[in-house]
Structures are given as structure tokens and as C-alpha cells.
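Reading through the C-alpha cells given below for one structure.
Only the coordinates and a few stated rules stand behind these numbers; no lab work does. Remember, it's a predicted structure, so these values are computed and weren't measured experimentally. Glycine also receives a Cβ, built like all others from the backbone with ideal geometry; neighbour counts cover every protein chain displayed.
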Amino acid sequence: MKDVEIVGASFAVPDRVISNDQISQFMDTSDEWISKRTGIKQRYVSSEENTSALASRVAQLLLTKTNLSAEKIDLIIVATMSPDSMTPSTAAIVQGKIAAKNAVAFDISAACSGFSYALSIARSLMLVNHYQHAIVIGAEVLSKLLDWHDRSTAVLFGDGAGGVLLSLTDQKHFLGIALDTFGDLGNKLTAGETKPRVDFLNNQRRMTAFKMDGREVYRFATHQVPKSILSALEMAQLDLDDIDYFLLHQANERIIAQVARKLKQPLEKFPLNIAKYGNTAAASEAILLAECLQNKVIKKGNIIALSGFGGGLTTATIIFKY
Ligand code: ACO
């Protein structure tokens, strides 16, 4: 029976690093508050590269790493909540930049759950359409959506991109998938809202900045992420102890610790990189996965639970064998 496997993973971040101390120079906050409440020490903030530029760097790295030519790619999906533009899609820009002329390319929007949603969509399309190779990227330049005077959000997010190259295979790799959406909670986390115009001749365009009910999102995550993991495990017919590593969306170290406690799993099974990158939304799990493969934390045959939550509100867990 056909399935897909991850044959390469890469990530890219902008050059500029902004530490907590630097933020506290222009905002009423402190390294102590940010570190204690979230685990974040610094984040990357783009100065020139937009989302498609970071995503294109990842796509190019994936091609180099896997030794594949761009024409071999059949599908490119970019998960992002901070695209360069409404149209063309970020994925289409990437397709053009890397000259993957045989690839169909489009974006999906599921905020921080986006990478897992995109992986699941890519796998389904590959199986149905017999695509041999696909690139799935989570990419964000969230700094352009932030209100840099709002300390309740500005300190939390960072820019970056991460992705994987998937290939069709005869072995089973994707073992369990749980995707859920809670649209009634959508107003707990919003960004980039646009409104229809009463006076349609008024040419002013406005987009709202990132807004979040932090406590509600925290409650949601600690409640729903364990449920999402358990439901993907049930589909995979596996137990919690069968999972070698839980790669959770890096939004808050305290959320991750609480999920580990709820699942009665040792914190050592939950790799962290939030201190270095902050919350990079759709890029977060992809960057973590790429780092864990690069550092050889994850080895061939390991069973991984990739699990995220975010705007929508949404949750997503994918259990796969590497
Ligand atoms: N620096 C200093 N003080 C601050 C800051 C800051 N950056 N931000 C808020 N405070 C203050 C508040 O004003 C408040 O002060 P008060 O007690 O005098 O009123 C106090 O700190 C506590 O504020 P809370 O919001 O209650 O702090 P909390 O402990 O809940 O931590 C946080 C806030 C970190 C945002 C937490 O709620 C959280 O992580 N929530 C989940 C958010 C999340 O994961 N979002 C990502 C979703 S993924 C996506 O889709 C993009």
C-alpha cells in the first residue's frame, strides 16, 4: 500500500535577532517577565525578506539536501497566516522562484496548526493523484502583523520558515491524523482582518494587527492539545509510550510542560526551541522537526507526534514513523 515519507527537512530564519532586553528598551516589559511566562529569550525579525523569500530559501535547501531537481516536484503547499499578498499565493511565488514548473502550488491558512494541516493535505493529494514528490512549508513574517506597542502580543512572536520534502513510498509512515477546528472561538486570536467599505469610493485600506485573548488561548491549548494527541493515537492504534518524541507547537514552554504533565510523559520527550525563535506560528513545528533531524535527536524508525494549535481556533496532530 502506498504512503508518503519525509525525505528531507530544512529551515531558514532572517538575519536580525531581537532579544528580550532589546524589546524592553522600547516597551514596558522585561526579560524576566517574558522568559518566566513563555520561555522565549529572543526571536528573529525580518527586515527585508518577506514570507515567500524565507519559504523559497527552505525549498531550495530541500532540493539541495535531497538531490532532486525542481522539475521533479509535483506539489508545493505553503501554510502561512502572513502571506506576501492575497494573490499570488506564497506557494506560487516559491514555485516560480525555484522554477518547479511541474508543481501545482497553493497556500493554506490554519495559523499555527497550518503545517500539520498542510502535511495532511499534501499526503492525501499525493496518494490520490500519484504525485511522486511534494514540498510542504510553514512560513511566517509575523512581525509585519504585530502592533509593536502591544506588549501582550509583540513579545511572543518571531519570523521564520521550515519545511519538508515528501516522497511517495511503499511503506506506511503516516500512522494517525487528527485535525479539528473550533470556529466559534475564532475571535480569541485574530490578525489581518479586512472590512467591507460603507463608502466604497474611499480608497483607504486597513488591516488589523494581531489580537489575542492570551488566557483563553492558553486554556484552550492545555485542554485541546492532549485530546488531539490522544485521538491521533487512537487512529494509529498506538499508546502514549510508543511515541519517541512529541514535537509540539512552540507557543509557550508552560503550555508544553502542562501537556506533558497531563499525558504523564517525561518532559525529555518534548524537544524545545522556543527560547531561540519565539512563536513562529505555521513555521514552528517545521523548524523544530528540521532541527531535531539535523541534530540527530530524531533517528530512523522513531515515532513522532507532531501537534499544534492556533488561530481558527484549530488543533492538529500527525503521528508518523520517521
Ligand atoms: N511584559 C510585562 N507584563 C506583561 C506583558 C509583557 N509583555 N504582557 C502582559 N503583561 C502583564 C499584564 O498586563 C498583566 O498585568 P496585571 O496583572 O497588572 O493586569 C500580567 O502581566 C499578567 O497578564 P496575563 O495576560 O494574565 O499573563 P499570562 O500569565 O496569562 O501570560 C501569555 C500571557 C504568555 C500570553 C499566556 O497567556 C499565553 O501564552 N497564552 C497562550 C498564547 C498562545 O499560545 N498564543 C499562540 C497561539 S498560536 C497562533 O495561532 C499564532
Point to revise | Radius 14 Å from Cβ of Thr64, net charge of other residues (Lys, Arg +1; Asp, Glu -1) | key: +3
Review point. Hey, rough spin-label estimate for Asn202 and Lys300, points 7 angstrom out along Cα→Cβ, what's it come to in nanometres?
Key: 6.3 nm
**Study point:** Gaussian network model of the chain, springs between alpha carbon atoms under 10 Å - residue of Ile73, Ile298, Ile137 with greatest fluctuation
**Key:** Ile298
Practice item. Please compute P(r) over all alpha-carbon pairs of segment 236-322, binned at 10 Å starting from zero, and give each bin as a whole-number percent. Key: 16, 55, 28, 1
Check your understanding: Say a site is exposed when it is one of the GluC sites (Glu not before Pro), sits in a DSSP loop, and has at most 11 other Cβ atoms within 10 Å; what is then the longest site-free stretch of the chain?
Key -> 49-192
Review point. Taking one equal scatterer on every alpha-carbon of segment 170-322, how large is log10 of I(q)/I(0) by Debye at q = 0.11, 0.20 1/Å?
Key: -0.47, -1.27
Study note, to complete from the structure: Hull volume per residue for the chain, using the convex hull of the C-alpha atoms, in Å³ is 140 Å³
Check your understanding: Given only helices, namely DSSP H runs of n ≥ 4 each adding -39500 (n - 2.57), what is the per-residue ellipticity at 222 nm of the chain, to the nearest 500 deg cm²/dmol?
Key -> -10000 deg cm²/dmol
Revision key, fill the gap. XL table Lys72/Lys269; Lys227/Lys264; Lys36/Lys276; Cα-Cα > 25 Å flagged, in table order, is Lys72/Lys269
Review point. Rounded to the nearest 5, what is the percent of antiparallel bridges among the DSSP beta bridges in the chain?
Key: 70 percent
**Study point:** Fewest-first ranking of Leu166, Leu267, using other Cβ atoms within 10 Å as the exposure measure
**Key:** Leu267, Leu166
Check your understanding: Sorting Thr38, Thr51, Thr208 on the 10 Å Cβ count, fewest up front, what's the list?
Key -> Thr208, Thr38, Thr51
Practice item. Excluding Arg43 itself, calculate the net charge of residues whose Cβ lies under 9 Å from the Cβ of Arg43, where each Lys or Arg counts +1 and each Asp or Glu counts -1. Key: +1
**Study point:** Approximate spin-label separation Thr169-Leu267, in nm, with each point projected 7 Å along Cα-to-Cβ
**Key:** 3.3 nm
Revision key, fill the gap. Taking only the alpha-carbon atoms of segment 1-134, the convex hull volume per residue, in cubic angstrom, is 138 Å³
Exercise for review: Would you mind ranking Thr64, Thr87 so that the residue whose beta carbon has the fewest other beta carbons within 10 Å leads the list?
Suggested key: Thr87, Thr64
Point to revise | Charge context of Ala316, other residues only, Cβ under 10 angstrom, K/R +1, D/E -1 | key: -2
